[in-house]
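I have placed the structure first, in the form of structure tokens, so that the comments after it can refer back to it.
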Amino acid sequence: MTETATEPYKGVDIPMRIAVLDRNRCRPKDCSHECQRFCPRVRTGDETVVFEDGPDKPPTIVEALCSGEAICVKKCPYNVIQIVNLPEELESDTSHRYSVNGFKLFRLPIPKEARVLGLIGPNGVGKTTAIRALASELKPNLGRVEDPPEWDEIIRAYRGSELQPLFERIQNGEVVPILKPQTITDLPKVPTIADKPISDLLESVDSSGRLEEMKDGMNLAEIWDRPIKFLSGGELQRVAITAAIVREGDIYFFDEPTAYLDVRERLRVGRAIRDLAELGKTIIVVEHDLSILDYVSDLVCMFYGSPGVYGIVSHPHGTRVGVNIFLDGYIPDENMRFRDTVISFKGMTAQDEQYTSSETLIEYGDMKKKFEDFELEIRGGRVAKGQLVGILGPNGIGKTTFVKMLAGELEPDEGEIPTQTAAGFDLRISYKPQYIEQDYPGNVRMYLREAGGNTVDTADFKTAVLRKLSLEHLIEHQVTDLSGGELQRAAIAACLAQDADIYLFDEPSAFLDIEQRLASSDAIRRMIQNKQKTAFVVEHSILMADYLSDSMVVFGGTPGKKGKTSTVTTLRIGMNAFLRQMGVTFRRDPQTGRPRVNKGGSQLDQQQKASGDYYYIGK
């Protein structure tokens, strides 16, 4: 990771150095203090690595004395140290640092009045930190951890930039910032609101008079009298977004507003944010779904760096240009390559045809499953070796039920689950569920070995899965200590490690940033095609479904009451059917081939709807 981060600066005199230590995962009681023992500067007598709080507490690395060989990075048995070299001119751009040997953020995004600024980048590079600083929930310390500046000094530090008047007006009470936070699942745990219906909560914060409009626009009528503690993740997200929009403010921040939402709800949220901008409000949105970010934003800023170590904010770009720059991995106006690989989206070629010439792996017939208030009708289908089937549909329509039936965890009331391959062999299934248990009593290596045995130690698996999913540095970490995104990647790897015929993935992109989503899709596709197996993938992002799938199963019906599936169909037919349900059309970007949502009522939108091409293929 260090070599990749410093590569753009080879051959340049680099006086600034960042040493970051993950104190939460450092285990000084269980190691031999390799960071101190092998440090060249310590051996010459310098106190470069110091255990100030005792040998059983994490050390401090003195950056001014560090020579940058990064031997400690290689020797640390728990991979908790990073040493990064950066150009000297960035030092004056330091916005915030959390602690000594902690994460460091350079620059801040600049909001534009009456426009939507989108923030794009990996997890752990400072997007949430940036919007908290702009919303005055976090005082930027300019990198001075031990002697943090006051607001007057902070404002002077941004003299001459557009942030100076913004900070002045916020501190003077002339600008009211409104923040929709990233984490919303703690709301039902707040005693003062847990038992209240959402109507009481939203009416108490409505200072704009927009609540009645938002009640319909965010589809809240059916849950209007439901207590907060009984809301699902998607319902909580819609309530939190509505609570932010109905408050009267000047600048609005939305941190990952589409988490837990299906495609229909994501588009609904996108329209609500656009409507807010048309009222003259200034808006900043952090979003990992590129289709939605593209839809809501007027400008984008990229965040790049080394997750958990440092982050740098790019200059703003127009939305289309900015997203394409992000996919390309190179910022021309800064002469900065922040990723070695270019992300591109496949064009539609022979994949618009059924797999009639491919060898059938399994066939399944029509099935039905009934619950007390919900029933699911499954239309039979056929899948071939090497085929990746995307599953699209709204929340509450039966997608997880369908996958659980294929996995053998639920029995159909009518019909039969396939138990053999078309060749007559016993069918082997590997299943990554939607919700992942985190109580495994061991580290990631043990977790993967339990799933796949010695497969996880092969060179192919390490290259195609562990390295692709950035799990190598987490291999010795306890599963119980993993973040949501880390746990998701470990679960995907565990699923791929098993020797199976069908691989089932229920929402594998949850908690992942855009680069991790694309990397996970690459790993899944490569393993399935190389092994000539098949996969079913439940996905809520049109962009990810397009990137990963070559076939589709589309769900229709009434959420929460009745669901009905299509048969396994081509990507084009499936996408057209699904987008027709949503009432939206997509075009393809001519440079990258990525799908882009058309503005409702635009000329292109009307033309595609008239022709029936809701999912535009292009040439």
Sorted largest first, the C-alpha extents of region 480-549 along its principal axes in whole angstrom are 33, 29, 17
Express in whole angstrom the spacing between the alpha-carbon centres of region 375-414 and region 424-473. 23 Å
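Want the number for Asp147 to Asn454: 0.36 nm per residue separation, take away the alpha-carbon distance, what's left?
Details: separation 307, 0.36 × 307 = 110.52 nm, distance 5.14 nm.
In short, 105.4 nm is gained.
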Place a point 7 Å from the Cα of Lys139 along the Cα-to-Cβ direction; which residues of region 156-193 have their backbone N under 15 Å from it? 156-157, 168, 171-172
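Figure the gain on full extension for Phe51 and Asp186 (residue separation times 0.36 nm, minus the Cα-Cα span) and round it to one decimal in nm.
Numbers: separation 135, 0.36 × 135 = 48.60 nm, distance 3.60 nm.
Taking Phe51 through Asp186 to full extension adds about 45.0 nm, to one decimal.
Give, as a single signed number, the net charge of other residues whose beta carbon lies under 11 Å from the beta carbon of Ala384, with Lys and Arg counted +1 and Asp and Glu -1. List each step's numbers first, then the result.
Details: positive: Arg382, Lys385, Lys533; negative: Glu359, Glu363, Asp550.
Cβ neighbours under 11 Å give a net charge of 0.
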Tell me, what ³J(HN,Hα) does each residue in region 583-594 have, in order and in whole Hz, if you take phi through Karplus 6.51 cos²θ - 1.76 cosθ + 1.60 with θ = phi - 60° and put x for Gly and Pro? x, 10, 10, 10, 10, 10, 5, x, 7, 10, x, 6
DSSP H segments from the chain that extend 15 Å or more along their own axis, Cα-based, with Kyte-Doolittle mean of 0.0 or above: 233-245, 484-497, 571-582
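Let me check against my output: what whole-number percent is the relative contact order of region 393-507, with C-alpha pairs under 8 Å and at least 6 apart?
RCO, region 393-507: 38 percent.
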One quarter of the C-alpha convex hull surface, i.e. the mean projected area of region 185-257 in nm², amounts to 4.7 nm²
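How high is the FRET efficiency between Arg339 and Glu88 when r is their beta carbon distance and R₀ equals 22 Å, given to the nearest 0.05?
Numbers: r = 23 Å, r/R0 = 1.06.
After rounding to 0.05, the efficiency reads 0.40.
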What nm value, rounded to one decimal, do you get for the distance between Asn530 and Glu203 when each label is placed 7 Å out toward the C-beta? 6.0 nm
Accessible-area value, His540, 1.4 Å probe, nucleic acids and ligands omitted, Å²: 10 Å²
Kindly provide the pair-distance distribution of region 128-180 built from C-alpha pairs, with 10 Å bins from 0 and whole-percent values in order of increasing distance. 24, 58, 18, 0
Per residue accessible area in Å² of the chain, where ligands, DNA and RNA are left out and the probe is 1.4 Å: 43 Å²
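Report Rg(Cα)/(2.2 N^0.38 Å) for region 418-576, keeping two decimals.
1.07
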Nearest-10 value in Å² for the accessible area of Glu153, using the 1.4 Å probe: 60 Å²
Between Val100 and Arg445, what is 0.36 nm times their sequence separation minus the Cα-Cα distance? Round to one decimal in nm. 121.2 nm
Probe radius 1.4 Å, ligands and nucleic acids ignored: give me the carbon and sulfur share of the accessible area of region 576-619 as a rounded percent. 48 percent
Excluding ligands and nucleic acids, what accessible area in Å² is computed for Val80 using a 1.4 Å probe, to the nearest 10? 10 Å²
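Taking the Cα centre of the chain as origin, sum charge times position over the Cβ atoms of Lys and Arg (+1) and Asp and Glu (-1), and report the length of that vector in debye to the nearest 20.
I would put it at about 1120 debye.
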Note, ³J(HN,Hα) from phi for region 544-560, Karplus 6.51, -1.76, 1.60, rounded to Hz, x at Gly and Pro: 6, 4, 5, 5, 9, 8, 10, 8, 9, 10, 10, 9, x, x, 10, x, x
Principal axis dimensions, region 345-469 - Cα atoms, whole angstrom, descending: 41, 41, 34
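Among DSSP bridges having both ends in the chain, what percentage is antiparallel? Round to the nearest 5.
On the way: 40 of 81 bridges.
Approximately 50 percent, going by the DSSP bridge assignments.
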Rounded to the nearest 500, what is the 222 nm mean residue ellipticity of the chain from helices alone, with -39500 (n - 2.57) per DSSP H run of 4+ residues and division by all residues? -8500 deg cm²/dmol
Kirkwood Rh, Cα Rg: Rg to Rh for the chain? 0.97
Here the cysteines of the chain lacking a cysteine partner under 4.7 Å (Cβ to Cβ) are Cys26, Cys31, Cys39, Cys66, Cys76, Cys301, Cys495
Tell me, what HN-Hα J-couplings in whole Hz come from the Karplus equation 6.51 cos²θ - 1.76 cosθ + 1.60 at θ = phi - 60° for each residue of region 294-305, using x for Gly and Pro? 4, 5, 8, 8, 9, 9, 9, 10, 8, 10, 9, x
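What ranking, highest mean first, results for peptides 392-399, 457-464, 521-528, 371-378 when packing means the other Cβ atoms within 10 Å averaged over each residue? Display every interim value, and only then the final one.
On the way: 392-399: 23.9, 457-464: 13.4, 521-528: 20.2, 371-378: 15.9.
The packing order, highest mean first, is 392-399, 521-528, 371-378, 457-464.
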Region 507-604 -> Rg/Rh from Cα coords, Kirkwood Rh, value 0.98
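The values are calculated or read from the model by the stated rules, or taken from the named source; none is laboratory data. Bear in mind the structure is a predicted one, so any value in this text is a computation, not a measurement. Don't worry about glycine lacking a Cβ; one is built from the backbone with ideal geometry, like all the others, and counts go over all protein chains shown. Ligands, DNA and RNA are excluded from the accessible area calculation, which covers all protein heavy atoms including side chains. Shrake-Rupley method; radii C 1.70, N 1.55, O 1.52, S 1.80 Å.
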